[in-house]
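A.B. asks: Before anything else, here's the structure in question.
The values are calculated or read from the model by the stated rules, or taken from the named source; none is laboratory data. Fair warning: this is a prediction, and the values are worked out from it, not measured in the lab. In this analysis, Cβ positions are derived from the backbone assuming ideal geometry, glycine residues included, and neighbour counts consider all displayed protein chains.
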Amino acid sequence: MEKRSELYAGKAKSVYYTDDPDYLILQFRNDTSAFDGEKVEQLERKGMVNNKFNAFIMQTLEQAGIPTHFERLLGDDESLVKHMEMIPVECVVRNVAAGSLVRRLGVEDGMSLNPPTFEFFLKNDALHDPMINESHILTFGWASEEEIAQMKQLTLRVNEVLKRLFDEAGMLLVDYKLEFGRFHGQVILGDEFSPDGCRLWDKQTRDKLDKDRFRQGLGGVVEAYEEVARRLGVVLD
(Lines give C-alpha, C1' and ligand atoms only; values in the text may rest on other atoms or scores of the structure.)
Protein backbone atom coordinates (compact mmCIF):
# COMPACT_ATOMS: atom_id res chain seq x y z
CA MET A 1 0.00 0.00 0.00
CA GLU A 2 1.56 3.29 -1.10
CA LYS A 3 1.28 6.27 1.27
CA ARG A 4 0.43 9.49 -0.56
CA SER A 5 -0.52 13.05 0.34
CA GLU A 6 -2.06 14.13 3.63
CA LEU A 7 -5.86 14.29 3.66
CA TYR A 8 -6.37 15.67 7.14
CA ALA A 9 -4.43 16.51 10.31
CA GLY A 10 -6.32 16.55 13.59
CA LYS A 11 -5.19 17.24 17.13
CA ALA A 12 -3.48 13.88 17.63
CA LYS A 13 -3.84 11.97 14.35
CA SER A 14 -3.07 12.50 10.67
CA VAL A 15 -4.80 10.81 7.74
CA TYR A 16 -3.15 10.07 4.38
CA TYR A 17 -4.41 8.98 1.00
CA THR A 18 -3.13 5.70 -0.45
CA ASP A 19 -2.99 4.35 -3.99
CA ASP A 20 -6.32 2.60 -3.29
CA PRO A 21 -9.28 5.03 -3.04
CA ASP A 22 -11.04 2.69 -0.60
CA TYR A 23 -8.27 2.89 2.01
CA LEU A 24 -6.41 5.49 4.06
CA ILE A 25 -3.44 5.45 6.40
CA LEU A 26 -4.17 6.64 9.93
CA GLN A 27 -1.14 7.94 11.80
CA PHE A 28 -1.20 8.36 15.57
CA ARG A 29 1.08 11.19 16.67
CA ASN A 30 2.61 11.95 20.06
CA ASP A 31 0.65 15.21 20.23
CA THR A 32 -1.67 15.47 23.22
CA SER A 33 -4.21 18.26 23.59
CA ALA A 34 -7.02 19.31 25.89
CA PHE A 35 -9.54 22.13 26.27
CA ASP A 36 -10.07 22.52 22.50
CA GLY A 37 -6.35 22.72 21.83
CA GLU A 38 -5.52 25.27 24.54
CA LYS A 39 -3.18 22.79 26.26
CA VAL A 40 -0.83 20.89 23.95
CA GLU A 41 2.21 18.70 24.66
CA GLN A 42 4.28 16.01 23.01
CA LEU A 43 4.33 12.76 25.00
CA GLU A 44 6.93 10.16 24.03
CA ARG A 45 5.51 6.77 22.91
CA LYS A 46 1.88 7.95 23.03
CA GLY A 47 1.29 7.58 19.28
CA MET A 48 2.59 4.03 19.32
CA VAL A 49 0.60 3.05 22.41
CA ASN A 50 -2.67 4.47 21.07
CA ASN A 51 -2.16 2.90 17.65
CA LYS A 52 -1.65 -0.59 19.04
CA PHE A 53 -4.31 -0.14 21.72
CA ASN A 54 -6.83 0.97 19.09
CA ALA A 55 -5.96 -2.00 16.86
CA PHE A 56 -6.60 -4.39 19.76
CA ILE A 57 -9.96 -2.80 20.60
CA MET A 58 -11.13 -2.63 16.98
CA GLN A 59 -10.23 -6.27 16.41
CA THR A 60 -12.08 -7.21 19.62
CA LEU A 61 -15.18 -5.37 18.40
CA GLU A 62 -14.96 -6.97 14.95
CA GLN A 63 -14.89 -10.39 16.62
CA ALA A 64 -18.09 -9.39 18.44
CA GLY A 65 -19.79 -8.60 15.12
CA ILE A 66 -19.37 -4.81 15.19
CA PRO A 67 -18.19 -3.46 11.81
CA THR A 68 -15.23 -1.06 11.99
CA HIS A 69 -12.98 0.82 9.59
CA PHE A 70 -9.84 -0.90 10.90
CA GLU A 71 -7.97 -3.15 8.47
CA ARG A 72 -4.50 -3.83 9.89
CA LEU A 73 -1.47 -2.39 11.62
CA LEU A 74 1.18 -1.01 9.29
CA GLY A 75 3.80 -0.01 11.86
CA ASP A 76 4.30 1.36 15.34
CA ASP A 77 2.21 4.47 14.75
CA GLU A 78 0.25 3.73 11.55
CA SER A 79 -2.79 1.63 10.62
CA LEU A 80 -4.65 0.95 7.39
CA VAL A 81 -8.32 1.92 7.57
CA LYS A 82 -11.30 2.11 5.24
CA HIS A 83 -11.94 5.46 3.54
CA MET A 84 -15.34 6.43 4.92
CA GLU A 85 -17.62 9.41 4.60
CA MET A 86 -17.67 10.50 8.24
CA ILE A 87 -20.93 11.42 9.97
CA PRO A 88 -20.31 14.64 12.00
CA VAL A 89 -21.92 13.28 15.15
CA GLU A 90 -20.33 11.91 18.31
CA CYS A 91 -22.14 9.18 20.22
CA VAL A 92 -21.41 9.27 23.95
CA VAL A 93 -22.25 6.61 26.53
CA ARG A 94 -21.78 7.16 30.25
CA ASN A 95 -21.73 4.30 32.76
CA VAL A 96 -20.50 6.45 35.63
CA ALA A 97 -21.13 10.16 36.20
CA ALA A 98 -18.02 12.26 35.49
CA GLY A 99 -16.81 15.32 33.61
CA SER A 100 -19.37 17.46 31.80
CA LEU A 101 -22.36 15.40 32.98
CA VAL A 102 -21.56 16.29 36.60
CA ARG A 103 -21.10 19.96 35.71
CA ARG A 104 -24.30 20.15 33.65
CA LEU A 105 -26.66 18.25 35.92
CA GLY A 106 -25.09 18.66 39.34
CA VAL A 107 -25.12 14.92 39.98
CA GLU A 108 -22.61 13.15 42.20
CA ASP A 109 -19.20 12.55 40.65
CA GLY A 110 -18.60 8.79 40.44
CA MET A 111 -22.28 7.87 40.67
CA SER A 112 -23.11 4.63 38.83
CA LEU A 113 -25.61 5.16 36.01
CA ASN A 114 -28.10 2.37 35.46
CA PRO A 115 -29.13 2.29 32.72
CA PRO A 116 -26.19 4.09 31.09
CA THR A 117 -26.94 7.47 29.51
CA PHE A 118 -26.65 8.02 25.76
CA GLU A 119 -26.05 11.44 24.19
CA PHE A 120 -25.35 12.94 20.76
CA PHE A 121 -22.88 15.78 20.19
CA LEU A 122 -22.07 17.68 17.02
CA LYS A 123 -18.44 17.22 16.03
CA ASN A 124 -17.42 20.86 15.66
CA ASP A 125 -14.38 22.22 17.49
CA ALA A 126 -15.26 25.85 16.77
CA LEU A 127 -18.59 25.39 18.59
CA HIS A 128 -17.03 23.21 21.32
CA ASP A 129 -18.96 20.09 20.25
CA PRO A 130 -22.46 21.13 21.41
CA MET A 131 -25.01 18.56 22.54
CA ILE A 132 -27.68 17.82 19.92
CA ASN A 133 -30.67 15.52 19.60
CA GLU A 134 -32.15 13.29 16.90
CA SER A 135 -34.34 16.12 15.61
CA HIS A 136 -31.26 18.28 14.93
CA ILE A 137 -29.51 15.40 13.15
CA LEU A 138 -32.50 14.81 10.87
CA THR A 139 -33.30 18.47 10.21
CA PHE A 140 -29.76 19.38 9.21
CA GLY A 141 -29.19 16.19 7.23
CA TRP A 142 -26.24 14.88 9.21
CA ALA A 143 -27.70 11.35 9.22
CA SER A 144 -30.93 9.56 8.31
CA GLU A 145 -33.37 8.07 10.78
CA GLU A 146 -32.08 4.59 9.93
CA GLU A 147 -28.46 5.68 10.40
CA ILE A 148 -29.27 7.26 13.78
CA ALA A 149 -30.81 3.98 14.92
CA GLN A 150 -27.78 2.05 13.67
CA MET A 151 -25.30 4.35 15.42
CA LYS A 152 -27.18 4.10 18.69
CA GLN A 153 -27.52 0.32 18.45
CA LEU A 154 -23.83 -0.16 17.64
CA THR A 155 -22.72 2.24 20.38
CA LEU A 156 -24.69 0.37 23.03
CA ARG A 157 -23.41 -2.96 21.71
CA VAL A 158 -19.85 -1.61 22.02
CA ASN A 159 -20.69 -0.77 25.63
CA GLU A 160 -21.73 -4.35 26.35
CA VAL A 161 -18.50 -5.74 24.90
CA LEU A 162 -16.02 -3.23 26.31
CA LYS A 163 -17.59 -2.73 29.74
CA ARG A 164 -17.14 -6.47 30.31
CA LEU A 165 -13.63 -6.47 28.83
CA PHE A 166 -12.38 -3.68 31.09
CA ASP A 167 -14.21 -5.03 34.13
CA GLU A 168 -12.42 -8.36 33.80
CA ALA A 169 -9.13 -6.42 33.71
CA GLY A 170 -9.95 -4.56 36.93
CA MET A 171 -11.16 -1.30 35.36
CA LEU A 172 -14.34 0.76 35.10
CA LEU A 173 -15.33 2.01 31.65
CA VAL A 174 -16.68 5.33 32.90
CA ASP A 175 -17.65 6.90 29.56
CA TYR A 176 -16.53 7.12 25.94
CA LYS A 177 -17.29 8.68 22.58
CA LEU A 178 -17.60 6.98 19.21
CA GLU A 179 -17.74 8.29 15.66
CA PHE A 180 -19.26 6.54 12.66
CA GLY A 181 -19.12 6.84 8.91
CA ARG A 182 -20.49 5.39 5.70
CA PHE A 183 -18.54 2.83 3.68
CA HIS A 184 -20.18 1.44 0.54
CA GLY A 185 -23.62 2.15 2.01
CA GLN A 186 -22.93 0.64 5.43
CA VAL A 187 -22.63 2.50 8.74
CA ILE A 188 -19.42 1.40 10.46
CA LEU A 189 -17.35 2.48 13.45
CA GLY A 190 -14.55 4.91 12.63
CA ASP A 191 -11.97 7.16 14.29
CA GLU A 192 -10.33 5.43 17.30
CA PHE A 193 -10.92 3.88 20.70
CA SER A 194 -8.10 4.70 23.10
CA PRO A 195 -7.64 6.30 26.54
CA ASP A 196 -7.70 9.63 24.67
CA GLY A 197 -11.43 9.26 23.97
CA CYS A 198 -12.77 7.49 27.04
CA ARG A 199 -12.52 7.55 30.81
CA LEU A 200 -11.07 4.51 32.55
CA TRP A 201 -10.71 4.14 36.31
CA ASP A 202 -9.10 1.42 38.38
CA LYS A 203 -12.01 -0.56 39.81
CA GLN A 204 -10.67 -0.63 43.36
CA THR A 205 -8.84 2.68 43.82
CA ARG A 206 -10.69 4.71 41.15
CA ASP A 207 -7.33 6.06 40.02
CA LYS A 208 -7.62 7.69 36.59
CA LEU A 209 -6.02 5.74 33.73
CA ASP A 210 -7.00 8.01 30.85
CA LYS A 211 -6.59 11.48 29.33
CA ASP A 212 -7.92 13.13 32.49
CA ARG A 213 -4.40 12.64 33.83
CA PHE A 214 -3.29 15.16 31.18
CA ARG A 215 -6.29 17.49 31.58
CA GLN A 216 -5.83 17.65 35.35
CA GLY A 217 -2.02 17.77 35.38
CA LEU A 218 -1.68 14.49 37.28
CA GLY A 219 1.32 13.28 35.25
CA GLY A 220 2.10 9.72 34.21
CA VAL A 221 -0.18 9.92 31.18
CA VAL A 222 1.57 7.46 28.87
CA GLU A 223 2.44 5.22 31.81
CA ALA A 224 -1.28 4.99 32.64
CA TYR A 225 -2.12 4.18 29.00
CA GLU A 226 0.55 1.47 29.04
CA GLU A 227 -0.88 0.06 32.27
CA VAL A 228 -4.32 -0.23 30.64
CA ALA A 229 -2.75 -1.98 27.65
CA ARG A 230 -0.81 -4.35 29.91
CA ARG A 231 -3.95 -5.35 31.82
CA LEU A 232 -5.72 -6.14 28.55
CA GLY A 233 -2.78 -8.10 27.14
CA VAL A 234 -2.01 -5.64 24.33
CA VAL A 235 1.47 -6.24 22.93
CA LEU A 236 3.24 -2.87 22.64
CA ASP A 237 6.87 -3.80 21.94
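A.B. asks: Consider the range 11-29. How many of its residues are closer than 22 Å to Val228 by Cβ and assigned to a loop (DSSP other than H, G, I, E, B)?
C.D. replies: 3
A.B. asks: Quick check on the range 28-60: of everything there that is at pLDDT 95 or above, surrounded by fewer than 21 Cβ atoms within 10 Å (Cβ to Cβ) and in contact with a helix residue (DSSP H, G or I) (Cβ under 6 Å, 6 or more places away or on another chain), which residue is nearest to Lys3 (Cα to Cα)?
C.D. replies: Filtering first and then ranking leaves Arg29.
A.B. asks: Please count how many residues of the range 177-199 are surrounded by fewer than 18 Cβ atoms within 10 Å (Cβ to Cβ) and either assigned to a loop (DSSP other than H, G, I, E, B) or of a type in the set (A, V, I, L, M, F, W, C) (or both).
C.D. replies: Qualifying residue count for the region: 2.
A.B. asks: Considering (1) in contact with a strand residue (DSSP E or B) (Cβ under 7 Å, 6 or more places away or on another chain); (2) crowded, with 18+ Cβ neighbours inside 10 Å, say which one Asp207 fails and leave the rest.
C.D. replies: The one condition Asp207 does not meet is (2).
A.B. asks: Follow-up question, since we're still on this one. Are any residues in the range 37-50 in a strand (DSSP E or B) and touching a residue at least 60 places away in the same chain (Cβ under 8 Å), and if so, which ones?
C.D. replies: Lys39, Glu41
A.B. asks: Another question about this same structure. Does Thr32 count as of a type in the set (Ser, Thr, Tyr), outside any strand (DSSP E or B) and outside the structural domain of Trp201 (by TED's automatic domain parsing)?
C.D. replies: Against the criterion (of a type in the set (Ser, Thr, Tyr), outside any strand (DSSP E or B) and outside the structural domain of Trp201 (by TED's automatic domain parsing)), Thr32 does not qualify.
A.B. asks: When the range 208-227 is examined, which residues are found to be assigned to a helix (DSSP H, G or I), of a type in the set (Asp, Glu) and in contact (Cβ under 8 Å) with a residue 12 or more places away in the chain?
C.D. replies: Within the range 208-227, Asp212, Glu226, Glu227 meet the criteria.
A.B. asks: Name, by its number, the condition in (1) in contact with a Ser or Thr (Cβ under 8 Å, 6 or more places away or on another chain); (2) farther than 18 Å from Val234 by Cα that does not hold for Val81.
C.D. replies: (1) is the only condition that Val81 fails.
A.B. asks: If you check every pair at least six apart or on different chains, which have Cβ atoms under 7 Å apart with a residue in the range 163-188 that is touching a residue at least 24 places away in the same chain (Cβ under 8 Å) and within 17 Å of Ala229 (Cα to Cα) first and a residue that is in a helix (DSSP H, G or I) and among the polar types (S, T, N, Q) second?
C.D. replies: Leu165/Thr60
A.B. asks: Please indicate, with yes or no, whether at least one residue in the range 218-231 is surrounded by fewer than 20 Cβ atoms within 10 Å (Cβ to Cβ), closer than 21 Å to Asn159 by Cβ, at pLDDT 95 or above and not aliphatic (A, V, I, L, M).
C.D. replies: yes
A.B. asks: Condition first: assigned to a loop (DSSP other than H, G, I, E, B), modelled with pLDDT of 95 or more and in the same structural domain as Val96 (by TED's automatic domain parsing). Can you find one or more residues in the range 148-156 that meet it?
C.D. replies: no
A.B. asks: Here are some conditions: (1) modelled with pLDDT under 95; (2) in contact with a Lys or Arg (Cβ under 6 Å, 6 or more places away or on another chain). Tyr17 meets all but one. Which one does it not meet?
C.D. replies: (1)
A.B. asks: Here is a follow-up. Across the range 106-140, which residue is surrounded by the most Cβ atoms within 10 Å (Cβ to Cβ) among those that are of a type in the set (Phe, Trp, Tyr) and either farther than 22 Å from Glu179 by Cα or in contact (Cβ under 8 Å) with a residue 24 or more places away in the chain (or both)?
C.D. replies: In this case the residue turns out to be Phe120.
A.B. asks: Select, from Arg72, Arg103, the only residue that is assigned by TED's automatic domain parsing to the domain that holds Gly197 and either of a type in the set (Phe, Trp, Tyr) or free of Cβ contacts under 8 Å to residues at least 60 places away in the same chain (or both).
C.D. replies: From the options Arg72, Arg103, the qualifying one is Arg103.
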